[in-house]
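Nothing in this text is a laboratory measurement; each read-out follows from the coordinates by a stated rule. Predicted model, so just to flag it, every value in this text is computed and none were measured. Cβ atoms come from the backbone with ideal geometry, glycine included; neighbour counts cover every protein chain shown.
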Amino acid sequence: MVGLQEQNFVWKIIELHDKYVAYVAEYFQGHTLFHKALDEAFEVFCNKGVSGSSSAELLATFCDNILKKGGSEKLSDEAIEDTLEKVVRLLAYISDKDLFAEFYRKKLARRLLFDKSANDEHERSILTKLKQQCGGQFTSKI
């Protein structure tokens, strides 16, 4: 079970990633060597488990909390889209994407079966983003 502390952890990773991407762009003129170093660092960091949960589970649960009713009431539609984009970008660093897909698929099924999804457009949007990032075969499993 992933709690509030783990959800805050994912928010902090998103903020950290944004911060360092901006640093590379501003101070290193977006040099590819620095982007590569940043990518490698995040790949190592994002594949560590937290509180007994894998990063794949944390990201899937984070998405679930944003996409279900009551989960993102404080966020505008634009902010939700932006956050989902950032989550998919973080997914690129996760080595076990199939595990993410499995957790996400189960949580998506629950949202749809129990009418817990806040917005069908956001559901379609993240699937499109996942398809662009990971390919059609990846999303066909979901």
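From the list ASP96, ASP115, exactly one residue is surrounded by fewer than 17 Cβ atoms within 10 Å (Cβ to Cβ), acidic (Asp, Glu) and over 27 Å from ALA41 (Cβ atoms). Which is it?
Among ASP96, ASP115, only ASP115 is surrounded by fewer than 17 Cβ atoms within 10 Å (Cβ to Cβ), acidic (Asp, Glu) and over 27 Å from ALA41 (Cβ atoms).
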(request) Go through the range 25-43 and count every residue that is exposed (fewer than 12 other Cβ atoms within 10 Å of the Cβ) and of a type in the set (Gly, Ala, Ser). (result) 1
(request) Determine whether THR139 is crowded, with 16+ Cβ neighbours inside 10 Å, more than 11 Å from the chain's Cα centre (by Cα), of a type in the set (Val, Ile, Thr) and assigned to a helix (DSSP H, G or I). (result) yes
(message) Quick check on my filter: what residues within the range 1-24 are surrounded by 12 or more Cβ atoms within 10 Å (Cβ to Cβ), closer than 12 Å to THR61 by Cβ and out of contact with any strand residue (DSSP E or B) (no Cβ under 7 Å at 6 or more places or on another chain)?
(response) GLN7, VAL10
(message) Can you say whether GLY70 is closer than 17 Å to GLY3 by Cα and surrounded by fewer than 13 Cβ atoms within 10 Å (Cβ to Cβ), as far as the supplied structure shows?
(response) yes
(request) Would you mention how many residues in the range 44-54 are exposed (fewer than 12 other Cβ atoms within 10 Å of the Cβ) and in a loop (DSSP other than H, G, I, E, B)? (result) 4
(request) Kindly establish whether LEU16 is part of a helix (DSSP H, G or I), out of contact with any helix residue (DSSP H, G or I) (no Cβ under 7 Å at 6 or more places or on another chain) and of a type in the set (A, V, I, L, M). (result) yes
